[in-house]
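Heads up, the thing below is written out as structure tokens.
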Amino acid sequence: MRADGEVAGRPWAGPVGAARRVWAATGPGEQIRGAGRPGDELPGGIVAHATLEPADLVLWIPSVRALAFGDSLIDRGDGLEIPATWAPANVTVEARAARLRPLLELPVTLVLPTHGPPTDRAGLERALA
């Protein structure tokens with residue numbers, strides 16, 4: 001996930017019980033490795049947020065007012081969506097949307113889905129409505 005090639009974050013899930021790890025770069029050519037859990041502030045001021053899936057994080061990148069999503073929010077060509085078929089059977093789309101709605105309290109202007117093109121706050125609002 002990239003914001004104009006300046007900031008990158010990629011969630012990684014390890015063995016059951018292992019800490020989530022996030023790779024983040026704060027500038028061109030710089031790579032920083034840090035362990036991240038929801039609520040942690042990572043290098044470059046990036047903040048990790050939880051989703052309902054244990055192997056997924058949403059990264060808040062305040063320097064560019066962007067949210068970078070893993071697989072919890074994607075775009076298959078029709079705008080952002082919560083992919084119902086990618087979630088565990090016991091997790092509804094509504095439950096996932098409810099978990100993500102507090103992110104709308106952030107001053108988001110850029111949304112970076114792992115799957116699909118970047119979009120804006122309005123696209124995020126529609127997906128979480």
Problem set entry | Whole-Hz ³J(HN,Hα) from phi, Karplus 6.51 cos²θ - 1.76 cosθ + 1.60, for the stretch 101-112, glycine and proline x | 4, x, 5, 5, 6, 7, x, 6, 10, 9, 10, 10
Exercise. Contour minus end-to-end for Val91 and Glu125, with contour as 0.36 nm per residue of separation and end-to-end as the Cα-Cα distance?
Worked result: 10.2 nm
Exercise. Got a sec? How would Glu125, Glu53 order by Cβ neighbour count within 10 Å, fewest to most?
Worked result: Glu125, Glu53
For this session: Return the loop-located trypsin sites (Lys or Arg not before Pro) in the stretch 40-129 (DSSP other than H, G, I, E, B) with at most 12 other Cβ atoms within 10 Å of their own Cβ; answer none if there are none.
Result: Arg76
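The numbers here are math on the coordinates, done by the rules we state, and not lab data. What you are looking at is a predicted structure, and each value in this text was computed from that prediction instead of being measured. When we count neighbours, we look across all protein chains shown, and the Cβ atoms used for this are built from the backbone with ideal geometry, even at glycine.
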